[in-house]
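Comments concern the structure below.
The values are calculated or read from the model by the stated rules, or taken from the named source; none is laboratory data. As the structure is a computational prediction, the values presented were derived from the model and not from experiment. Virtual Cβ from ideal backbone geometry, glycine too; neighbours counted across all protein chains shown.
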Amino acid sequence: MTHGTFTDLAPLLPWPRAFTSVPGAEPERSRSTLARLANDVWATVRLLAASALDVPGFEAKLAIGEALHALTEVAASVEERTAELGRRTAPADRAPGTGTRSRLAAALSSPAGARLAAMPDDWLRPLLGTFGSAAFDPLLDGPSERVRRRALLDMGDAFTWFFEAEGRLAEAAGEAPPAPGASGSPASQASCSPAPRASGSLSRPTMGVRDARFRTFEHTRDYRKAADWRCSASEYEDDLIELLRVNRDEIDALETFALALFDLVEEAPLEALRHLARLAWDEARHAAIGHTLLAERGVDPYGYECSMIGIRVRGAMSGWDAWTQITLFGELGIIGPMRALVREAQKRGDDRVAAAFGFVCRDETMHLHDSRRLLAEHHPLGDLSAAGERARAHAGRTLQELGLFEAEQFEKLDGRQIFELLGE
Ligand SMILES: [Fe+2]
Ligand SMILES: [Fe+2]
């Protein structure tokens with residue numbers, strides 16, 4: 001076998017030999033193409049974020065949580081490349097163009113089931129198509145081309161659930177809505193037609209919805225005060241069930257971070273949006289972990305009633321207030337009990353529980369640390385304690401309006417008591 005010289009390898013450069021493989025390639029053109037791609041991604045992020053609240057299906061919510069993270073990372077990589085090409089993206093630049101805005105407004109005002117069923121054809125495939133047909137010169141503009149290719153892979157992964165579920169979703173969207181009272185408590189019924197909250201001309205739901213497998217309650221987040229709480233003979237068992245339920249019900253934390261993402265796309269810096277999307281994904285994972293571990297114990301996870309008070313209160317808030325409320329009064333309260341459970345599980349050799357809560361604790365610690373820093377830096381009130389007081393006052397008013405708690409009494413609660421009432 002003979003070996004060629006290095007000169008013979010010249011045609012094997014990883015780029016085309018022709019310098020201008022993409023006609024008309026120039027930085028300004030790449031920049032405007034990237035800006036258009038980013039706007040399309042942010043519009044899809046908002047569609048998914050609003051749907052995280054009013055789409056009832058548990059599995060759909062979890063898939064939306066994961067897709068929110070994947071898409072926000074794609075938008076971030078596009079914005080970062082745009083900055084390299086000479087133009088920093090301001091929050092206001094993320095506003096959709098007129099055509100996309102009216103398409104998005106129409107989608108947001110359509111029923112959640114029909115919207116979810118139409119999503120693959122109306123939004124996800126077109127987004128893949130736009131990225132697929134964008135042309136960046138692989139040599140001159142290699143970094144943009146790399147962003148585009150990685151985005152296609154990441155979005156393809158994130159959309160798999162939606163494409164696989166497409167037929168079932170279309171079938172479900174065509175079904176008549178359940179008769180009043182058919183799916184449990186007033187909470188899930190009332191939330192079927194939530195009053196929208198406007199951000200720009202775009203509205204999102206102000207309440208989360210659960211599917212018919214869930215029975216719900218909304219007077220507290222303290223599971224030991226729930227109607228279906230039963231003490232066992234084991235303190236460890238009780239703590240475990242409580243914390244598995246807490247995590248399963250973090251569907252409302254996913255909804256909270258999704259609504260904050262929806263509201264803040266045109267207001268917050270990229271770093272904050274990436275963090276919110278990561279939180280949405282993490283809370284989707286925590287809900288799945290709680291659900292799975294309950295099922296592994298031989299019980300039907302849907303047999304445990306689901307608390308709705310957290311999203312009832314935070315859904316009515318602005319993105320800044322909802323994010324502040326859950327950070328200052330929710331995330332902090334959840335970490336201590338979970339750490340104690342990890343230690344006890346390790347002592348007992350319950351490796352699966354120790355591993356699961358070990359990872360969840362790491363997530364929550366990061367959430368608390370990064371959210372506090374980001375809120376301190378970017379909250380419009382400019383100060384974490386002022387932001388916390390505004391969120392507390394808003395929560396008190398909402399609880400009073402709902403007839404769930406006296407605002408005056410709420411004023412007197414300390415952080416731990418607010419956590420017990422509203423959860424993470
Ligand atoms: Fe969580
Ligand atoms: Fe969290």
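List of remarks:
- Qualifying residue in segment 42-49 (condition: farther than 30 Å from ARG215 by Cβ, touching a Leu at 6+ places or on another chain (Cβ under 9 Å) and not hydrophobic (A, V, I, L, M, F, W, C)): yes
- Every condition in (1) in a helix (DSSP H, G or I); (2) away from ligand 2 (no atom under 16 Å from the Cβ) is met by TRP323 except one, and the failing one is (2).
- Test for SER188: is it modelled with pLDDT under 85, under 26 Å from GLY403 (Cβ atoms), of a type in the set (S, T, N, Q) and outside any helix (DSSP H, G or I): no
- Test for LEU341: is it touching a Lys or Arg at 6+ places or on another chain (Cβ under 9 Å) and either within 16 Å of ligand 1 (Cβ to nearest atom) or not assigned by TED's automatic domain parsing to the domain that holds GLU377 (or both): no
- Qualifying residue in segment 286-293 (condition: assigned to a helix (DSSP H, G or I) and either in the same structural domain as ALA76 (by TED's automatic domain parsing) or among the basic types (Lys, Arg) (or both)): no
- Test for ALA340: is it surrounded by fewer than 23 Cβ atoms within 10 Å (Cβ to Cβ), part of a loop (DSSP other than H, G, I, E, B) and touching a residue at least 60 places away in the same chain (Cβ under 8 Å): no
- Residue match in segment 283-305 (condition: farther than 25 Å from PHE214 by Cα and touching a residue at least 12 places away in the same chain (Cβ under 8 Å)): no
- Selection count, segment 284-319, where residues are of a type in the set (Ser, Thr, Tyr), surrounded by fewer than 23 Cβ atoms within 10 Å (Cβ to Cβ) and under 24 Å from ALA391 (Cα atoms): 1
- Of ARG373, ARG392, all but one fail to be surrounded by fewer than 21 Cβ atoms within 10 Å (Cβ to Cβ), more than 22 Å from the chain's Cα centre (by Cα) and part of a helix (DSSP H, G or I); the exception is ARG392.
- Matching residues, segment 376-389, being closer than 24 Å to PRO91 by Cα and assigned to a helix (DSSP H, G or I): ALA376, GLU377, HIS378, LEU384, ALA386, ALA387, GLY388
- Conditions (1) assigned to a helix (DSSP H, G or I); (2) within 21 Å of LEU402 (Cβ to Cβ); (3) more than 16 Å from ligand 2 (Cβ to nearest atom); number of the one not met by ALA260: (3)
- Residue selected from segment 127-146 under the condition touching an Asp or Glu at 6+ places or on another chain (Cβ under 8 Å), assigned to a helix (DSSP H, G or I) and not hydroxyl-bearing (Ser, Thr, Tyr), by the criterion nearest to LEU48 (Cα to Cα): LEU127
- For segment 56-73, the criterion of a residue being surrounded by fewer than 16 Cβ atoms within 10 Å (Cβ to Cβ) and in the same structural domain as TRP161 (by TED's automatic domain parsing) is satisfied by at least one position.
- Subset of segment 395-424 [within 16 Å of ligand 2 (Cβ to nearest atom), outside any helix (DSSP H, G or I) and not acidic (Asp, Glu)]: GLY423
- Test result for ALA268, out of contact with any Ser or Thr (no Cβ under 9 Å at 6 or more places or on another chain), away from ligand 1 (no atom under 14 Å from the Cβ), at pLDDT 95 or above and under 23 Å from ALA395 (Cα atoms): yes
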